[in-house]
Amino acid sequence: HSNLGGIAGYLGNWDQAIDHLKRSLELKQRIGDAKSLSLSFSNLGLVYVYKGDSSMAREYFSAGLRLAEKLHDPKQTCLALNGLAQAELLDARWSEALQLLSASTQAATEAGAKDELAEAFWIQAEALLGERQTMEAEAAARLALQIAQEIGIRQTEANAYRVLGAIERAARRWREAESDLSRSIGIWGELKNQFEAARAEFELALLYRDLGMELDARSLLQRCHDTFSHFHVEYYLARVEAATDPRAATFPQFERATNEWC
């Protein structure tokens, strides 16, 4: 069930992933496999991050963190902290995310967990961008990119390029932003992950809108809307609708996020 849940989640079949992962969770609870149980909690939390459900994501990542700390497992601790930080980003709670990431980067560095360290850096970059600390955000994103390329984690590399593109857009470095966002889209295309590709395409659409390329922006936004509709993710649909028409934002927590991100 754990493997099936991972596959379903990667393909964007969120409800199927949740079903498999919850069954795996029940099995591991029965047999007392505490280490795997911590991972299962975090995997469930990640699916809820993709669904845009910050409340449920916090619930499962918090459970994973409590168990990881009890087991003195630094890698699982980092995984849960990074996940909790992503849940905070969904609600535009940048400072709360940065506090979690400070603990995560310290634990990852001490444990030599380069994969989780790279993950923490790109999430940190996103939070710093939300705080409008663009120089610090770029430094974190480039660290994430460097580590990801060193150890060959394509997903983290793609996320780092996406965040770099958003940072460069904020700095009005249009050509660099377009290049890095295109790199992110290309990697996600190679990995056949439509959902993540759409997240990068959304950032590219915002760039085109800034440049006055309305037809290109609207074409990309429509494609993002179709993808997010296919995956039934209301949070990201709301972002697309807000970018198309700021009056269309429908989530209370989305008002601040819209002002920061769009």
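The values are calculated or read from the model by the stated rules, or taken from the named source; none is laboratory data. All figures in this text were calculated on a predicted structure; none of them were measured in a lab. A quick note on method: Cβ atoms are made from the backbone with ideal geometry, for glycine too, and the neighbour counts reach across all protein chains shown. Accessible surface is based on the protein model in full, side chains and every heavy atom, while ligands, DNA and RNA are left aside. Shrake-Rupley method; radii C 1.70, N 1.55, O 1.52, S 1.80 Å.
Pick from segment 31-47 the residues that are free of Cβ contacts under 8 Å to residues at least 24 places away in the same chain and on the phi < 0 side of the Ramachandran plot: which of them is nearest to the chain's Cα centre (by Cα)? Among residues in segment 31-47 that are free of Cβ contacts under 8 Å to residues at least 24 places away in the same chain and on the phi < 0 side of the Ramachandran plot, the one nearest to the chain's Cα centre (by Cα) is Asp33. When segment 79-112 is limited to residues that are open to solvent by 10 Å² or more (accessible area, probe 1.4 Å) and assigned to a loop (DSSP other than H, G, I, E, B), the one that is nearest to Glu59 (Cα to Cα) turns out to be Asp91. Check whether at least one residue in segment 113-135 is of a type in the set (Lys, Arg), in a loop (DSSP other than H, G, I, E, B) and surrounded by fewer than 24 Cβ atoms within 10 Å (Cβ to Cβ), and report yes or no. Within segment 113-135 (the criterion being of a type in the set (Lys, Arg), in a loop (DSSP other than H, G, I, E, B) and surrounded by fewer than 24 Cβ atoms within 10 Å (Cβ to Cβ)), the answer is yes, since at least one residue qualifies.
All of Ala198, Ala217 fail the test of being in a helix (DSSP H, G or I), within 15 Å of Tyr161 (Cα to Cα) and open to solvent by less than 10 Å² (accessible area, probe 1.4 Å), apart from Ala198. Only residues that are over 12 Å from Ala141 (Cβ atoms) and without any contact (Cβ under 8 Å) to a residue 40 or more places away in the chain were counted in segment 152-170, giving 3. Restricting segment 50-78 to residues that are of a type outside the set (Phe, Trp, Tyr) and crowded, with 24+ Cβ neighbours inside 10 Å, the residue that is farthest from Glu110 (Cα to Cα) is Ala57. Each residue in segment 136-154 was checked for being surrounded by fewer than 18 Cβ atoms within 10 Å (Cβ to Cβ) and outside any loop (DSSP other than H, G, I, E, B), and 8 pass.
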